[in-house]
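Asks: There's a structure below that I have some questions on.
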Amino acid sequence: MSRILFVCLGNICRSPTAEGVFAAMAEAAGVPVEADSAGTSDWHVGDPPYGPAIRAAAGRGYDITGLRARQFVSQDFDRFDRIIAMDRSNKETIERMRPAGSDTPVTLFLSHAANAPVEEVPDPYYTRDFEEALDLIEAAAGGLIGQLQNASAISPKAR
Ligand code: 4NP
């Protein structure tokens, strides 16, 4: 069981979408995962995902209505096997909170996609392009699931 945490700024657009898409695609692929998401800010703590993000995800069959925003905390380094940032700014904020001795990998989400045209997931809260964000999130989720499958094939004891 891989525990994966997706992190963005507000935890109402990109990271809850990533959590929902990744969890659904992993289940469909038969890969056991525990997915969660968080924001580096406390601006929307307790809020459901942003309406347009909920509707765009629903348009592709993902239900993210039940998710609630929370703020990233340094204890997340111990609670998850991998932390995945939507953009470089998120990644830098996360790295500044890394506890001494923690070796939990923190990666950019799109580094897991095969041929992503950009390195960061553009924030649809500002771009208003929720379909672009979903295209990139689906590509990266698929790539990450493939990597998890390969890792468990190489070391079957990790299953
Ligand atoms: P997210 O997008 O980081 O993808 O959840 C944002 C949502 C809200 C705000 C900024 C980014 N905001 O400024 O409230």
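Please treat every number below as a calculation from the coordinates, not as lab data. On a predicted model such as this, the values are computed, not experimentally measured, just so you know. Glycine also receives a Cβ, built like all others from the backbone with ideal geometry; neighbour counts cover every protein chain displayed.
Asks: Can you give the charge dipole size of the range 1-145 about its Cα centre, rounded to the nearest 20 debye, using +1 on the beta carbon of Lys and Arg and -1 on the beta carbon of Asp and Glu?
Replies: Approximately 200 debye in magnitude.
Asks: Counting each DSSP H run of 4 or more residues in the chain as -39500 (n - 2.57), what helix-only mean residue ellipticity at 222 nm follows after dividing by all residues, to the nearest 500 deg cm²/dmol?
Replies: -13000 deg cm²/dmol
Asks: Within 10 Å of each candidate Cβ there may be at most 16 other Cβ atoms; applying that plus a DSSP loop requirement, which GluC sites (Glu not before Pro) in the range 53-159 survive?
Replies: Here the sparse-neighbourhood loop sites are E119.
Asks: I need M97, M25 ordered by Cβ neighbour count within 10 Å, fewest first.
Replies: Lowest count first: M97, M25.
Asks: Going by C-beta contacts inside 10 Å, put Y62, Y126 in order with the fewest on the left.
Replies: Listed from fewest to most nearby Cβ atoms, that is Y126, Y62.
Asks: If you average the sequence gap of Cα pairs under 8 Å that are 6 or more apart and divide by the length of the range 1-151, what percent do you get for the contact order?
Replies: Computed over the range 1-151, the figure is 27 percent.
Asks: Additional query: Quick one: which residues, 5+ away or cross-chain, put their amide H under 5 Å from the amide H of L108? H built at 1.01 Å from N.
Replies: Residues meeting the amide H criterion: A85.
Asks: Set the Förster radius R0 to 25 Å, insert the Cβ-Cβ distance between E119 and R55 as r into 1/(1 + (r/R0)^6), and round the FRET efficiency to 0.05.
Replies: Using R0 = 25 Å, I get an efficiency of 0.40.
Asks: Let me ask something else about it. Less than 14 Å Cβ to Cβ from R3, Lys/Arg counted +1 and Asp/Glu -1: what total charge do the surrounding residues give?
Replies: -4
Asks: In whole angstrom, how long is each semi-axis of the equivalent ellipsoid of the chain, when you take the square root of 5 times every eigenvalue of its Cα gyration tensor and sort them from largest down?
Replies: Those come to 22, 19, 14 Å.
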